[in-house]
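Below you'll find the structure, written out as structure tokens, and then a few comments.
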């Protein structure tokens, strides 16, 4: 049976969610066991969130998830994750967090990265809402990112490259910390042209695990970029919210997801919900996994391959026991 998920403020686990025949439901339920959501926007947050870290951990635990990794654009959630792990030993789902190098934590702040890594962070995201490319994307698309807020002063772009196009020294310092602490370097909202340079520099400095996030949106990546970055040894993480019919963040199709998977290869593909927001059409994160698994089933992926993308690849790159 499908695990029951707790009632919350919008968007709760929608009772009108898509359902499938009994055999498919059982297959999806089985594939959720051991799943990892490495990119979820639960609260507390300055942005509106439908559920907090502990609520999602409880929901994920009922569904059999091995772990979740929380992400906030403005703070490192490592302290909250540590408290949940300590005080809720009944949860089989492990809770971890990340740090995002935006303005609130001081941008390219080596102290913050070292501290987060020492406290168990799994990921260091390069700038997202403070990436120069993010401002270009908002202007070109006419869209406002759901985490944007007027509660604090407007974000200021954080440069990654010099005027000559080389990786800046303060970025190199971050890369050296990531290499030394062996956490994952995620591209954030950098333009794909910047990501190529940063990832090449990171690899040369000993960074072992890198993640290209949502190539389908904001960063202007092509399928050739996806394939090339994967050949470099970096994983490709897809925001499931961007592919699902009925989700307010959708701008790609199920067929697009398959094209991205095939470009990188199953072994280099990781799924993340990128959800947790409020409002109509913002699915519960677990629902995004159910629908994505159904997409994969419909496109003929084996259970072994689906399990890699929802669980095993993330477990390997983030060093999580499942």
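Values in this text are rule-based calculations from the coordinates and carry no lab data. Just so it is clear, the model here is predicted, and its values are computed rather than measured. When we count neighbours, we look across all protein chains shown, and the Cβ atoms used for this are built from the backbone with ideal geometry, even at glycine.
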_Rg [Å, one decimal], Dmax [Å, integer] - region 206-247, C-alpha atoms_ = 11.6, 42
*Who wins for biggest fluctuation among 213, 150, 93 in a Gaussian network model of the chain, springs between alpha carbons below 10 Å?*
150
_Can you give me the distance in nm between label points at residue 298 and residue 143, each placed 7 Å from the Cα along the Cα-to-Cβ direction?_
2.1
*asked:* Give me the one-decimal Kirkwood hydrodynamic radius in Å for region 169-264, with the sum taken over alpha-carbon pairs.
replied: 13.9
_Principal-axis tilt of helix 223-232 within the chain, Cα atoms, nearest 10 degrees_ = 80
*Based on the Cβ-Cβ distance from residue 166 to residue 22, what FRET efficiency comes out when R0 is 45 Å, to the nearest 0.05?*
0.20
*What's the exposure ranking of 200, 237, 138, 22, going from fewest to most Cβ atoms within 10 Å?*
22, 200, 138, 237
*With r defined as the distance between the Cβ atoms of residue 204 and residue 153 and R0 fixed at 51 Å, what FRET efficiency is calculated, to the nearest 0.05?*
0.90
*Work the Kirkwood hydrodynamic radius out for region 22-318: mean of 1/r over every pair of different alpha-carbon atoms, inverted, in Å.*
19.0
*Can you grab the distance from the C-alpha centre of region 276-291 to the C-alpha centre of region 183-249, Å, no decimals?*
22
*Identify which of 153, 168, 27 has the largest mean-square fluctuation in a Gaussian network model of the chain, with springs joining Cα atoms closer than 10 Å.*
153
_Ascending count of other beta-carbon atoms within 10 Å, so fewest first, for 144, 181, 80_ = 144, 181, 80
*With both partners inside region 87-211, how many of the DSSP beta bridges are antiparallel, as a percent to the nearest 5?*
10
*What is the fewest-to-most order of 92, 151, 122 by other Cβ atoms lying within 10 Å of their Cβ?*
151, 92, 122
*Find how much the distance from residue 280 to residue 135 grows on full extension, using 0.36 nm per residue of separation minus their present alpha carbon separation; answer in nm with one decimal.*
49.6 nm
*Report the full-extension gain for the segment residue 245 to residue 119: residue separation times 0.36 nm, less the Cα-Cα distance, to one decimal in nm.*
41.6 nm
*Share of antiparallel DSSP beta bridges in the chain, in percent to the nearest 5?*
10
*Helix-only CD estimate at 222 nm, as mean residue ellipticity for the chain, using -39500 (n - 2.57) per DSSP H run (n ≥ 4)*: -11500 deg cm²/dmol
*asked:* Using all alpha carbons of region 34-138, what is the percent of pairwise distances in each 5 Å bin, ordered from the shortest bin to the longest?
replied: 2, 14, 22, 23, 18, 11, 6, 2, 0
